[in-house]
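Working notes for the structure below.
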Amino acid sequence: DQNRAHWSVREGRLLHDGGGGDLWSDASFGDAEILVDWRWPGPPQLVEFPVIDDAGRQLDRTERVLDAGDSGLFLRGHRMAQANLFCYPVGSGEFWEYRESLEDAARRGVTPSKRADAPLGDWNTMRVTLRGDRVTVRLNGQDVITEATLPNLPTHGPIGFQHEHGPLEIRRVAVRAN
């Protein structure tokens, strides 16, 4: 399996080497609270990323920031329902696919209200609470998404880790069904 070549477990941690594809749970979940500790262990590079305003609109400018990776937590097997883990200026927790497809009021809801990411190399704790089609994301003790609506979200499905680039390290994944 291609994914097994890139995802591994060592010393109780789930590691991704920065290549290959996504990783999915065998189990299916409905309403749940998901807790994930993650970090970017690789060397960062300066990269230009788009700037997203408070209303969730992508501006015609970029910001140069340190980047060490791009991943995300998929909810209920739905690729659009991905709480991003990344280094973009908007911050982790964003639901990029939804933000790109929704109108103004809904777009604001899936855009983080603040950037709460820990410094690169440090651990982040993300708590995602999913009830029906509503999601709340708490990152490092701060609410960044609150009761956002995710249209067309399935009622059940697996969780997964999407991966674009950069080594990723996960030390805890806990799921509590509600």
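Can you tell me how many residues in the stretch 97-108 are in a helix (DSSP H, G or I) and either open to solvent by less than 30 Å² (accessible area, probe 1.4 Å) or closer than 17 Å to Pro50 by Cβ (or both)?
7
Of everything in the stretch 132-178 that's open to solvent by 40 Å² or more (accessible area, probe 1.4 Å) and touching a helix residue (DSSP H, G or I) at 6+ places or on another chain (Cβ under 9 Å), which residue is nearest to Asp37 (Cα to Cα)?
Of everything passing the filter in the stretch 132-178, Thr146 is nearest to Asp37 (Cα to Cα).
Out of the residues in the stretch 62-74 that are in contact (Cβ under 8 Å) with a residue 40 or more places away in the chain and more than 13 Å from Trp96 (Cα to Cα), which is most open to solvent (accessible area, probe 1.4 Å)?
Let us first name the residues in the stretch 62-74 that are in contact (Cβ under 8 Å) with a residue 40 or more places away in the chain, namely 66-74.
After this cut, where a residue has to be more than 13 Å from Trp96 (Cα to Cα) as well, the list is 66-69.
Working: Leu66: 90, Asp67: 16, Ala68: 7, Gly69: 1 Å².
This residue is Leu66.
Assess whether Leu59 counts as being open to solvent by 10 Å² or more (accessible area, probe 1.4 Å), over 28 Å from His6 (Cβ atoms), of a type in the set (A, V, I, L, M) and part of a strand (DSSP E or B).
yes
Among the residues in the stretch 30-37, are any over 25 Å from Glu147 (Cα atoms), over 16 Å from the mean Cα position of the chain (by Cα) and loosely packed, with under 15 Cβ neighbours inside 10 Å?
no
Output the residues belonging to the stretch 75-96 that are crowded, with 19+ Cβ neighbours inside 10 Å and over 22 Å from Asp54 (Cα atoms).
Within the stretch 75-96, Leu75, Arg76 qualify.
The values are calculated or read from the model by the stated rules, or taken from the named source; none is laboratory data. Remember, it's a predicted structure, so these values are computed and weren't measured experimentally. Cβ: placed from backbone, ideal geometry, glycine included. Neighbour counts: every protein chain shown. These accessible areas exclude ligands, DNA and RNA; they are computed on the full protein's heavy atoms, side chains included. Shrake-Rupley method; radii C 1.70, N 1.55, O 1.52, S 1.80 Å.
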